[in-house]
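To keep things clear, I will list the structure first and then write my remarks on it.
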Amino acid sequence: MSEAMVEVHAVHKSYNGIEVLRGVDLTVARGEVTCLIGPSGSGKSTLLRCINHLEKHDAGELRVDGDLVGYEMRGGKLHERNDKQICAERARIGMVFQRFNLFQHLTVLENITIGQIKVKGVSPEAAKSKARELLARVGLENKESQYPSQISGGQQQRVAIARALAMEPKLMLFDEPTSALDPELVGEVLDVMKDLARSGMTMVVVTHEMNFAKEVANTVYFLDAGVIEESGDPREVLTAPKSERLRSFLSKVL
Amino acid sequence: MTMNGDAVKVVPVRHYGRWVAAGFALLIVAMLIHTLFSKLPTGHFACQVVNGVRKCHPDLTWRFSWTIVGQYFTTSEILHGLVRTLELTIFAMVVGIVLGMTLAIMRLSPNRVLSTAAWTYTWFFRGTPVLVQLLVWYNIAILYPVLSIGIPFTPSSWALVHITTTTLFSAFAAAVIAFGLNEAAYMSEIARAGLIAVDEGQVEAAISLGMTRRQSLRYVVLPQAMRVIVPPTGNEVISMLKTTSLAGFVGVVELLGAASNIYGGNYEIMPLLIVASLWYLIVTTILSIGQFYLERHFAKGALRSPPPTPTQRLRRDVRGILRKFRTQRGPLEAVR
């Protein structure tokens, strides 16, 4: 078994002839928090979605927990995996979206139980007790019978985190989890994420929250125009940037 | 509002134009009710002798023949026709909804053959009149006298099962197939609109939990699409209820067919058309009520609070009027 949770090597991805990722290399060690920062359109979200195989990468190698994402090596050829195998891989990778994407027709509790019941085959009773446990962990034990439209954005995002954790993921991906929130609601979501980081969860976070990156991340990667421009310890990278691009980016966001 | 410590009366805006329009609408309603229950002279005279004087006045009868309507309203022929109409509606809608859903999912498939096939189906069945389709299905035995089950593109003598088409295609079956297949074309468009209306992020969230495409469709997309699909589908059911009256063309004795059979014998055309219309109205009313509650059910989570049921709304209105009444009476009571 490999030491790293995520290994990305020379990954390329284009949409309609436009190259969004132009040879990205990145490593995420087990139990570490990695932040991806960069201007919009730099490919951060695309990279995250490739790790989860929500998007197929065009070239390069992408491994999660030592296994190739979406492909299988057999007889010296890469075979695309079938839907069932890909789904099984995805079930162990939690994803939190910018727009929360809670299931609108289900209550908070049902949002957290449905994946356990339908994908993992957990009994409804066990799924419910696990969901209640997770709701308590994100501080929302009294909201279980509400519908997503009835709670605030910050609460929705905490439910979304609980929904992902219910699948007992080995890796959590966060795609700008606080970008769609009112400023006063950002803190409550970041607190849940910090707590998760302390518990030893491997996390890849696309974010604009530089203070979060400085405080929580073990490594930060700065993406610009589809390549990693700079990476390293956040306290060094964010306080003493070497490249001109990162300097100008930081001067705009900080 | 207070001025110098005294309550100042608020005078609401008077909507004179609206009042005139409402008055006019009331007038038309009154005229309609009046004409519905007006009477016509029969041509006969009723005479009686009062105090040795013989007085005659023309005999009158309902313009809309309510007595005859009442006589035929619940005859077994009409009721049998009604049951046929309901059977046709239900079977055709089941075919239409199941096939329509399938077509909608095919239409959205990344596979071009499937999506083109679904598009072509809709193009054909929406593009020809349903009455023509009904007549074609009824006469399908002209094209295919015998139906066989066997291997495609092999001689029919190889087939294992042979069925004479006319035994399979009764007038009723032809009507169910014709209406059902035609409905599927419309339902597929309705279902497609519903499926498209569900946010892409919902599917992404579902598959990132490890659900397959099929599971995300079943547990996440369809339940939410239903909110968009149900209202127009209710419309389609009501529309189908009335379309089934075309089945009379191929000899199915449904509601209108039963009515026309009766008036063919006794020439009471108008009363029997009224009987049929009243039954259509009754069923439509029941369907509309069902539709309301179905819509309410599928709106779960989409609205912060569900729309009130008619009884809730009535209760709220009455409470509102009572409160208004009480506040208006308030100062008076104080004077007393």
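The values are calculated or read from the model by the stated rules, or taken from the named source; none is laboratory data. Bear in mind the structure is a predicted one, so any value in this text is a computation, not a measurement. Cβ placement follows ideal geometry from the backbone for every residue including glycine, while neighbour counts extend to all protein chains displayed. Side chains included, ligands, DNA and RNA excluded: accessible areas come from the protein's heavy atoms. Shrake-Rupley method; radii C 1.70, N 1.55, O 1.52, S 1.80 Å.
Things to note:
- Number of residues in region A:131-151 that are crowded, with 18+ Cβ neighbours inside 10 Å and basic (K, R) equals 1.
- The set of residues in region B:120-129 that are closer than 14 Å to B:Y186 by Cβ and open to solvent by 30 Å² or more (accessible area, probe 1.4 Å) comprises B:Y121, B:W123, B:F124, B:R126, B:G127, B:T128, B:P129.
- Of the residues making up region B:210-225, those that are within 9 Å of chain A (Cβ to nearest Cβ), hydroxyl-bearing (S, T, Y) and open to solvent by less than 50 Å² (accessible area, probe 1.4 Å) number 1.
- Flag if B:S208 is in contact with a strand residue (DSSP E or B) (Cβ under 7 Å, 6 or more places away or on another chain), farther than 16 Å from B:W279 by Cα and without any contact (Cβ under 8 Å) to a residue 60 or more places away in the chain: yes
- Scanning region A:214-237 for residues that are surrounded by fewer than 23 Cβ atoms within 10 Å (Cβ to Cβ), hydrophobic (A, V, I, L, M, F, W, C) and either within 25 Å of A:V20 (Cα to Cα) or more than 20 Å from the chain's Cα centre (by Cα) (or both) yields A:A225, A:V227, A:I228.
- Listed by first and then second residue, the pairs linking a residue in region B:5-33 that is farther than 30 Å from B:R63 by Cβ to a residue that is surrounded by 10 or more Cβ atoms within 10 Å (Cβ to Cβ) and at pLDDT 90 or above, with Cβ atoms under 7 Å apart and 6 or more places separating them unless they lie on different chains, form an empty list.
- Out of B:V237, B:V228, one residue alone is in contact (Cβ under 8 Å) with a residue 24 or more places away in the chain, within 14 Å of chain A (Cβ to nearest Cβ) and within 20 Å of the chain's Cα centre (by Cα). It is B:V228.
- Test: residue in region B:53-65 that is modelled with pLDDT under 90 and of a type in the set (V, I, T): yes
- Counted residues, region B:136-156 - those being in contact (Cβ under 8 Å) with a residue 24 or more places away in the chain and buried (at least 16 other Cβ atoms within 10 Å of the Cβ): 4
- Looking only at residues of region A:106-127 that are in contact with a Phe, Trp or Tyr (Cβ under 8 Å, 6 or more places away or on another chain) and in contact (Cβ under 8 Å) with a residue 12 or more places away in the chain, we find that the one that is farthest from A:L140 (Cα to Cα) is A:L106.
- Of everything listed in (1) part of a helix (DSSP H, G or I); (2) open to solvent by less than 40 Å² (accessible area, probe 1.4 Å), the single unmet condition for B:S109 is (1).
- Checking each residue in region A:94-112 for being within 20 Å of the chain's Cα centre (by Cα) and not charged (D, E, K, R) picks out A:G94, A:M95, A:V96, A:F97, A:Q98, A:F100, A:N101, A:L102, A:F103, A:N111, A:I112.
Residue by residue, here is whether (1) more than 17 Å from the chain's Cα centre (by Cα); (2) assigned to a strand (DSSP E or B) holds:
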site	(1), (2)
A:E7	no, yes
A:R22	yes, yes
A:V28	no, yes
A:L54	no, no
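- Some residue of region A:24-45 being within 14 Å of another protein chain (Cβ to nearest Cβ) and either within 27 Å of A:F212 (Cα to Cα) or without any contact (Cβ under 8 Å) to a residue 24 or more places away in the chain (or both): yes
- Listed by position, the helices (runs of 4 or more DSSP H) inside region A:73-168 whose residues that are in contact with a strand residue (DSSP E or B) (Cβ under 8 Å, 6 or more places away or on another chain) and within 12 Å of chain B (Cβ to nearest Cβ) number at least 3 are A:153-165.
- Within region B:82-99, residues that are hydroxyl-bearing (S, T, Y) sit with their Cβ atoms under 7 Å from residues that are not in a helix (DSSP H, G or I), at 6+ positions apart or across chains, in these pairs: B:T85/B:E254.
- Between B:A159, B:A173, the distinction of being within 14 Å of B:V250 (Cβ to Cβ) and either open to solvent by 80 Å² or more (accessible area, probe 1.4 Å) or without any contact (Cβ under 8 Å) to a residue 24 or more places away in the chain (or both) belongs to B:A173 only.
- Evaluation of A:K77 against the conditions (1) over 16 Å from the mean Cα position of the chain (by Cα); (2) closer than 30 Å to A:T239 by Cβ; (3) not small (G, A, S) shows that the sole unmet condition is (2).
- Considering region B:67-81, the residues that are touching a residue at least 24 places away in the same chain (Cβ under 8 Å) and over 16 Å from B:G265 (Cα atoms) include one that is surrounded by the fewest Cβ atoms within 10 Å (Cβ to Cβ), namely B:H80.
- Given (1) within 18 Å of A:R30 (Cβ to Cβ); (2) open to solvent by less than 20 Å² (accessible area, probe 1.4 Å), number of the condition A:R198 does not satisfy: (2)
- Neighbours by Cβ (under 9 Å, 6+ apart or cross-chain): first from region B:289-312, in a loop (DSSP other than H, G, I, E, B); second at pLDDT below 75: B:A299/B:P306; B:A299/B:P307; B:K300/B:P306
- Conditions (1) at pLDDT 95 or above; (2) among the polar types (S, T, N, Q); (3) closer than 30 Å to B:F172 by Cβ; number of the one not met by B:Q202: (3)
- Within region B:69-101, being of a type in the set (S, T, Y) and within 20 Å of the chain's Cα centre (by Cα) holds for B:T85, B:T89.
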